[in-house]
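Read the structure below first, then the notes.
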Amino acid sequence: MSPGVELLLLLLLSTSLHAEISHLPMASNRIILDSTELLQNPLIPDAGVQAARATPLPPQKCPSLQRYRKMLKDFDDLEDLYVDVPVHIALAERQRKRFVLNLNDSTPLTIRFSAPVGRKMYYNQTGNPLRPAAVAPGPGVAVGSLVLPCALRGQYDLFVLARHSGALKVDALAEHPQHDWPLLNATHRIAIRTQNRVRKREMIVKWERSKFDFHVMHYCLVIQRLSMDTPRMSFTNFCQAVSAYTDQRPMTPSCAAGGPLEGIWGAPPQRERRLNPRQNVHIVCTGKRRQQLLRRLLPRSSYHLDLFGIHQGRQNLTLRLASSQVNFNRTQPLALKQQALMQLKIGGQHGKQVYSFKVPQTTRQLGEPFMRHLLIPCSGSEIRVKLLRQRSEVGKTEAFYSPTYIRQKGVLPGERYLMRFEPSNDDEALRAQKVMVALSSEALFRDLPELPQNTTVFNVRTRCSRATIAWNGSPDERELSYCIIVFNLPQRNRSVVDFTNYCMDFVPKRVMQYRNFEWMTCRERQQSPDNIETETILNLMPGSSYLVYVTANLSMGKPLPYQALTLHMASQCLDGSHESFY
């Protein structure tokens, strides 16, 4: 080929070749001269090409940014737009108009048009088109009006294309179109519950559902870490929280559609979220889920939680639901008090819970010092108890499910011991949630009656409408009385396991207010040589089931229950002499 022909071909191909090179990474900007390179696998690039592809794409490779720059050239008619200042203009058919709105503070934003127009909105010249919701058309509001539930401060470019010639009115309002919803300022009695796992740096947050339109309500949780350098910020609305969240992390240009807000509540809900310890404000949106696991929290820190609701049926209207402050500290085991009947939670992690108690410095005891423990599983669940001192086991109990006494001998005055509760098996872990505990370094509890070693209540005889029960009398020599309390078990579920509650308030005036209460009587103790107490329960319905409690009561103090008894009455009674013995 002659040199003149080669020069002509080079001039013809120079324009397309230059355009192709400008769109390729630097490592691949080379002309292929050898035909063998065409046979190489393009899916296996060298290290230089991999490093080039790992870098962010240049602006020429971002289609959205290219379209944004093209619209800036095509829409040369510019108009400034201000909040709460309407703009009246006249547009010809297919005329293009660009509005620029600058916000100094984050706020809900509504843009209304008096006539149907084609529109597209961009935020902060990033080339990312926003996806605002549409405002319901009404008087003076045409189809195509826009609403941003939370518009961050910055510049907004609004490109408008007139569909018909005529006058156009554009309004930018710093409010949500549903701002006058009557329930917006109503009181929301929603509780936020938290569970700290300081060792794992985790926190479980749970909350109640919204009382208003719960079927269309989504939730966003704002977590704010408090410290001496960063005091708590009060967020009156969700937009302020979003603004504080975006200010602490610089915005990087991206080709993804949508603004920062869509990246917050547009992310799919996840069971757990990891918090960035370098940031003080975090926003986690959970959809309809009402619990969230937070990880990577900082121990010995305080966190303020704000719960916001997003109404899906009212153009993502946000409303504040509840707030709470949590101290994320590694708490010591709760210290138990002597001579006090305390109700404790034992349904902790893995079904185990630990409490501590200290042996008082006392010299009243003539013999060896000891501690008495009264343990009452609330739901009649089977649990075990271990006593620890300096991580060494000094005592334990067999599985029990009714009121039980433990006498711990060989204790050291002034020493601290641990009491660890755990269910007897995995099935019991579902019911073993609470237990009542009382401690005493004396022979008797001051305000509690003494129960016998065998707290079983026996069904002696059952007739058609009556039943005779018996139990061992209390060894307590103080003035004492007994109360027999009867509850009716529902016909649909006669399982005693579901209704047994040893931790209810057995005071006569209060126990009558419990559900399914049937009958109660109280009397003084009987004088019998074998110390056996009996009582006959009358007016029972054939075919019904009853749950019977017997309580021992001092003149001053709290009553204590015996083991509960279940009565199943026969459904048929042939004559008055029909009876069954046990």
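The values are calculated or read from the model by the stated rules, or taken from the named source; none is laboratory data. Keep in mind the model is a prediction, meaning the values are calculated, not measured. Counting neighbours? That spans all protein chains shown, and the Cβs are built from the backbone with ideal geometry, glycine included. SASA here: full protein model, heavy atoms, side chains in, ligands and nucleic acids out. Shrake-Rupley method; radii C 1.70, N 1.55, O 1.52, S 1.80 Å.
If you scan the stretch 220-234, which residues turn out to be open to solvent by 10 Å² or more (accessible area, probe 1.4 Å) and of a type outside the set (Val, Ile, Thr)?
Within the stretch 220-234, Arg225, Leu226, Ser227, Met228, Asp229, Pro231, Arg232, Met233, Ser234 qualify.
Could you tell me how many of the residues in the stretch 305-319 are closer than 18 Å to Arg189 by Cα and out of contact with any Gly (no Cβ under 8 Å at 6 or more places or on another chain)?
Total meeting the criteria: 7.
Name the one entry in Val435, Val394 that is surrounded by 12 or more Cβ atoms within 10 Å (Cβ to Cβ), assigned to a strand (DSSP E or B) and touching a residue at least 60 places away in the same chain (Cβ under 8 Å).
Val435
Quick one: which residue in Asn124, Asn102 is at positive phi and touching a strand residue (DSSP E or B) at 6+ places or on another chain (Cβ under 6 Å)?
Sole residue among the options that is at positive phi and touching a strand residue (DSSP E or B) at 6+ places or on another chain (Cβ under 6 Å): Asn124.
Can you find, within the stretch 111-147, the residue that is surrounded by the fewest Cβ atoms within 10 Å (Cβ to Cβ) among those that are within 32 Å of the chain's Cα centre (by Cα) and farther than 26 Å from Lys73 by Cβ?
That would be Ala134.
Find all pairs meeting these conditions: Cβ atoms under 8 angstrom apart; at least six residues apart or on different chains; first residue within the stretch 510-534 and in the same structural domain as Asp476 (by the TED database); second residue open to solvent by 100 Å² or more (accessible area, probe 1.4 Å).
These pairs meet every condition: Trp519/Asn539; Met520/Met512.
Can you tell me which residue among Ala244, Ala256 is closer than 30 Å to Cys62 by Cα, modelled with pLDDT of 85 or more and among the hydrophobic types (A, V, I, L, M, F, W, C)?
Ala244
Can you find a residue in the stretch 64-77 that is at pLDDT below 75 and either in contact with a Ser or Thr (Cβ under 9 Å, 6 or more places away or on another chain) or under 26 Å from Asp247 (Cα atoms) (or both)?
Scanning the stretch 64-77, I find no residue that is at pLDDT below 75 and either in contact with a Ser or Thr (Cβ under 9 Å, 6 or more places away or on another chain) or under 26 Å from Asp247 (Cα atoms) (or both), so the answer is no.
Can you pull out the residues in the stretch 450-483 that are farther than 12 Å from Tyr405 by Cα, open to solvent by less than 20 Å² (accessible area, probe 1.4 Å) and either among the charged types (D, E, K, R) or assigned to a loop (DSSP other than H, G, I, E, B) (or both)?
Once the filter is applied, which keeps residues that are farther than 12 Å from Tyr405 by Cα, open to solvent by less than 20 Å² (accessible area, probe 1.4 Å) and either among the charged types (D, E, K, R) or assigned to a loop (DSSP other than H, G, I, E, B) (or both), the stretch 450-483 yields Gly473, Ser474, Asp476.
Which of (1) more than 28 Å from Asn472 (Cβ to Cβ); (2) assigned to a strand (DSSP E or B); (3) open to solvent by 40 Å² or more (accessible area, probe 1.4 Å) is the odd one out, the single condition Arg407 does not satisfy?
Failed condition: (1).
From the list Ala90, Ala133, Ala115, which one is in contact with a strand residue (DSSP E or B) (Cβ under 7 Å, 6 or more places away or on another chain) and either modelled with pLDDT of 90 or more or in the same structural domain as Leu305 (by the TED database) (or both)?
After ruling out the rest, the residue left standing is Ala90.
What is the residue count in the stretch 304-320 for residues that are open to solvent by 10 Å² or more (accessible area, probe 1.4 Å) and at negative phi?
Looking only at that region, the number is 6.
Conditions (1) in contact with a Ser or Thr (Cβ under 6 Å, 6 or more places away or on another chain); (2) in contact (Cβ under 8 Å) with a residue 60 or more places away in the chain, marked per residue:
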site	(1), (2)
Pro277	no, no
Val281	no, no
Val284	no, yes
Gly287	no, yes
Arg295	no, yes
Ser301	no, yes
Phe308	yes, yes
Gln312	no, yes
